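Chemist: The following block contains the structure, expressed as structure tokens.
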Amino acid sequence: MTDSSESNNAYLKGTYPVSTPVYNFIVLTDDNSVPEAVVSRKFTVVQGGYNPSLDKSTTLDTTIDGKRDITMGSVFWSARYQIRLRDELTSEETAADWGNRLDLEYFYKLNNPNGDPSNLITVTDHYGVDHTGYLIGSHQEQPLTTVIHGNQANFIINIEFHEKVAVA
């Protein structure tokens, strides 16, 4: 995997190395301090369901004499993903570290910044680049069929991830 500072610089320039692999999934990993207890799962991203962005912390005000007062802050990388997953997985999928509905819910429930694992998550994007930050927003499940339990139950869940550190 690649360091996020390298990828963010490439992202800002609009280029990735030609040899960069492209995957149709992302990987979520918690930050458990016990290596054997680390949870890491792959999730399928729906085509068209990947929306990266650069978020600039900026305020713009008008002063009392009518001039503009602008404050420039940091720029952060974020992404919205549309994940397709199932309620239960086959034994082969589980062995290959694919995630199901409850696995994604686990990552959303990481809420304690001082816990072990904390609320800090690493997302390995579809280029194989690691980004460390937070899942924010709501966890809303949209069933794709009338079946809502078992390995035939498919869901779409939109997630939003924000990187912890500003890009260079």
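Chemist: When ranked by the protection proxy of mean other Cβ atoms within 10 Å per residue, highest first, what sequence do the peptides 43-52, 114-123, 57-66 form? Let's see the in-between values first.
Modeler: On the way: 43-52: 14.2, 114-123: 16.1, 57-66: 8.3.
Ranking, from highest mean packing down: 114-123, 43-52, 57-66.
Chemist: Counting DSSP beta bridges with both partners in the chain, what percentage is antiparallel, nearest 5? Mind showing how you got there, number by number?
Modeler: Details: 43 of 45 bridges.
The antiparallel fraction comes to roughly 95 percent.
Chemist: Hey, what number do you get for the chain at 222 nm if only DSSP H runs of n ≥ 4 count, each worth -39500 (n - 2.57), divided across all residues, to the nearest 500? Intermediate results must be reported in sequence, preceding the final value.
Modeler: Numbers: 3 runs with 24 residues, N = 168.
Counting only the DSSP helices, I get -4000 deg cm²/dmol.
Chemist: With +1 assigned to the C-beta of every Lys and Arg and -1 to the C-beta of every Asp and Glu, and no other charges, what is the dipole magnitude of the range 66-117 about the Cα centre in debye, to the nearest 20?
Modeler: 600 debye
Chemist: State to the nearest 20 debye the size of the charge dipole of the range 107-168 about its Cα centre, where the only charges are +1 on K and R beta carbons and -1 on D and E beta carbons. Kindly include the intermediate steps, with their values, before the conclusion.
Modeler: On the way: 2 positive and 6 negative charges, 26 e Å.
My answer is approximately 120 debye.
Chemist: To continue, here is another question. Sorting Lys109, Lys67, Lys42 on the 10 Å Cβ count, fewest up front, what's the list?
Modeler: Fewest-to-most ranking of Lys109, Lys67, Lys42: Lys67, Lys109, Lys42.
Chemist: Here are a few candidate values for Kirkwood radius over Cα pairs in Å: (i) 17.6; (ii) 16.8; (iii) 16.0. Which one was actually calculated from the structure I just gave you?
Modeler: Evaluating Kirkwood radius over Cα pairs in Å on these atoms matches (i).
Chemist: Then there is this: Can you sort Glu36, Glu92 so the residue with the fewest Cβ neighbours within 10 Å comes first? Intermediate values should be presented prior to the final figure.
Modeler: Details: Glu36 5, Glu92 8.
Ascending Cβ contact count within 10 Å gives the list Glu36, Glu92.
Chemist: A follow-up question, please. Would you please give the FRET efficiency between Thr58 and His149, computed as 1/(1 + (r/R0)^6) with r the Cβ-Cβ distance and R0 = 41 Å, to the nearest 0.05?
Modeler: In this case the efficiency is close to 0.35.
Chemist: Where the centre of each part is set by its Cα atoms, how far does the range 55-80 sit from the range 109-136, in angstrom?
Modeler: Between the Cα centres of the range 55-80 and the range 109-136 lies a distance of 27 Å.
Chemist: With charges only on Cβ, +1 for K and R and -1 for D and E, what is the dipole size of the range 4-163 about its Cα centre, in debye, rounded to 20?
Modeler: On the way: 11 positive and 21 negative charges, 107 e Å.
Using only the charged Cβ atoms, the result is roughly 520 debye.
Read the figures in this text as sums done on the coordinates, not as results from a lab. In this text the structure is predicted, and so the values were computed from the model without any measurement. Neighbour counts are summed over all protein chains in view; Cβ atoms, including those assigned to glycine, are modelled from backbone coordinates with ideal geometry.
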